[in-house]
Amino acid sequence: PISFAVNQKKLNIRAVALLIQDEHLLIHRQGEDDFWSLPGGRVQFGESGAKAIERELLEELGQSIEPPVFRFLHENFFNYADHQFHELGMFYEVTCREPLPLSTEDFYGPEGEELTYRFVPFDKLDQYTLYPSELSKMLQTNVFPTLLTNDI
C-alpha cells in the first residue's frame, strides 16, 4: 500500500466507497472501535484509486462493482493506534453489480468479523460517530445534496 511511517507518524492514500442503496449509506467499523467509517482501503503503488476501491470491495464484501465515479478528495489528520495520521482519501460513488441485501442489521464480509458493516438510512446518520468527522457535511456538499437534508 501507499503508506509510510516516520517514527509515530504515518501517511496514507486511501480509496473510499460511497455505497448507497435506497437512501441508505453503507458504513463499517473495525474490531471494537467506537466509531464508524466508510468502506475502502489503502491504494497500492501503481494502482489508481478507482482500481483500489474495486479491489477492496471484492476483498472485503465479495462484491463486483460498476466503474466507480470519483466525487471528491479529502485530507484528514487524526490519531489512531498510537500513530499520528495524515491521510488523503479519494471518495468514489459505487454501485454493486448485484445489490447487497438491504438491512440495518450488522453483517460481515468474507474476511470474517474483523469488519462489521451496516446500512444506515440518511436520516439516522447523525446517531453514529462517523469519521472523518466532516463526513456528513462532505456528503451534503459534494455528493448528494438533493438526497440529504441539513439535519444530518
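To keep it simple, each residue is scored yes or no on (1) modelled with pLDDT under 90; (2) within 25 Å of residue 10 (Cβ to Cβ).
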residue: 38; (1), (2): no, yes
residue: 42; (1), (2): no, yes
residue: 53; (1), (2): no, yes
residue: 70; (1), (2): no, yes
residue: 84; (1), (2): yes, yes
residue: 87; (1), (2): yes, yes
residue: 91; (1), (2): no, yes
residue: 98; (1), (2): no, no
A careful count of residues in region 51-67 that are of a type in the set (Gly, Ala, Ser) and under 13 Å from the mean Cα position of the chain (by Cα) gives 1
Residue list for region 3-58, filter: surrounded by fewer than 21 Cβ atoms within 10 Å (Cβ to Cβ), basic (Lys, Arg) and within 17 Å of residue 131 (Cβ to Cβ): 10, 29, 42
Flagged pairs (Cβ under 8 angstrom, 6 or more apart or on separate chains; first in region 33-48, of a type in the set (D, E, K, R); second in a loop (DSSP other than H, G, I, E, B)) are 34/129; 42/1; 42/2
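The values are calculated or read from the model by the stated rules, or taken from the named source; none is laboratory data. Keep in mind it's a predicted model, so treat the numbers as computed, not measured. Cβ: placed from backbone, ideal geometry, glycine included. Neighbour counts: every protein chain shown.
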